[in-house]
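Everything on this sheet refers to the single structure shown next.
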């Protein structure tokens, strides 16, 4: 074979190898470098941390005279109207400390905050049905169901006094001694920023996550208050420490669902429709519409397999273990 023929054969072989690399190897390498995500089932939980104030329908009662007390009803128990709540014996000079006169009572601050809302205990019998408690802070007439939607952030910001246990052996006339609260409904009042407003819809169910447990509730109202939104959650659930708190740092869980999850970075729009690009068996990527159910800002819960569009037509969508592009744009 001549040198020219050998050179021609070598060039031909090199061209074949280059063509093979171009057709077979390059697509595989570039495909391997393409970011993808496999869709799987999971839990989506969205919560907002808030500084909240407890609102109850409650009445505080004061001693009608100086006297001694014993036989209190059990703290946090439900009492019926007319039932005995305390044994009170009238005496001469009934303060907890004999040298503490009425004007210098250590309950003066509580009395001033309650004002005319402090009701006289006439016969030591419950004047209403409800939960009995000796924990009082004086804000019982401030945080009421009738006033809560009128309270502004500036009115409550800085209020951090926790109720005090006022159960004792002696009391002056006019001093607060116990309270009774409605057990059928109570509320949490808090303010949220504009960035969280989309998470709260009137009537929507939520969970109130205290440090020692969760209870169910629902969004009672959302009203703008300056740059913030006054938000109220209502509940009729039992909470063991309810009567002992006024202010609580809690998590309001607005979404807690399980289903098919997709990373937000995989989502894009095509012809104003939200979707993602799914890898086919041939290695190509095709656009699939998705129906979003909820998001936490990083992950989104979507309908699986099929959903119905705004015209009632079925739309084939993503399913578990689909491989989708992570950066479709």
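The values are calculated or read from the model by the stated rules, or taken from the named source; none is laboratory data. None of the values given here were measured: they were computed from a predicted structure. Cβ placement follows ideal geometry from the backbone for every residue including glycine, while neighbour counts extend to all protein chains displayed.
Before moving on, here are some points about what is shown:
- The condition of being surrounded by fewer than 18 Cβ atoms within 10 Å (Cβ to Cβ), out of contact with any strand residue (DSSP E or B) (no Cβ under 7 Å at 6 or more places or on another chain) and not in a helix (DSSP H, G or I) holds for only one of 161, 202, that being 161.
- Single residue of the range 228-266 satisfying the filter (part of a loop (DSSP other than H, G, I, E, B) and without any contact (Cβ under 8 Å) to a residue 60 or more places away in the chain) that is farthest from residue 203 (Cα to Cα): 241
- Inside the range 171-199, residues that are in contact with a helix residue (DSSP H, G or I) (Cβ under 6 Å, 6 or more places away or on another chain), closer than 30 Å to residue 66 by Cα and in a strand (DSSP E or B) make up a count of 1.
- Test: residue in the range 227-241 that is farther than 30 Å from residue 161 by Cβ and at pLDDT below 95: no
- Strands (runs of 3 or more DSSP E) contained in the range 1-97 and holding at least 3 residues at pLDDT 95 or above, surrounded by 10 or more Cβ atoms within 10 Å (Cβ to Cβ) and under 36 Å from the mean Cα position of the chain (by Cα): 40-55, 58-62
- Scoring residue 231 on the criteria (1) surrounded by fewer than 16 Cβ atoms within 10 Å (Cβ to Cβ); (2) closer than 15 Å to residue 55 by Cα leaves a single failure, condition (1).
- Criterion: at pLDDT below 95 and over 21 Å from residue 44 (Cβ atoms) - qualifying residue of 223, 284: 284
- Residue within the range 259-271 that is farther than 30 Å from residue 208 by Cα, modelled with pLDDT under 95 and in contact with a strand residue (DSSP E or B) (Cβ under 6 Å, 6 or more places away or on another chain) present: yes
- Selection count where residues are part of a loop (DSSP other than H, G, I, E, B), surrounded by fewer than 19 Cβ atoms within 10 Å (Cβ to Cβ) and on the phi < 0 side of the Ramachandran plot, scope the range 268-304: 9
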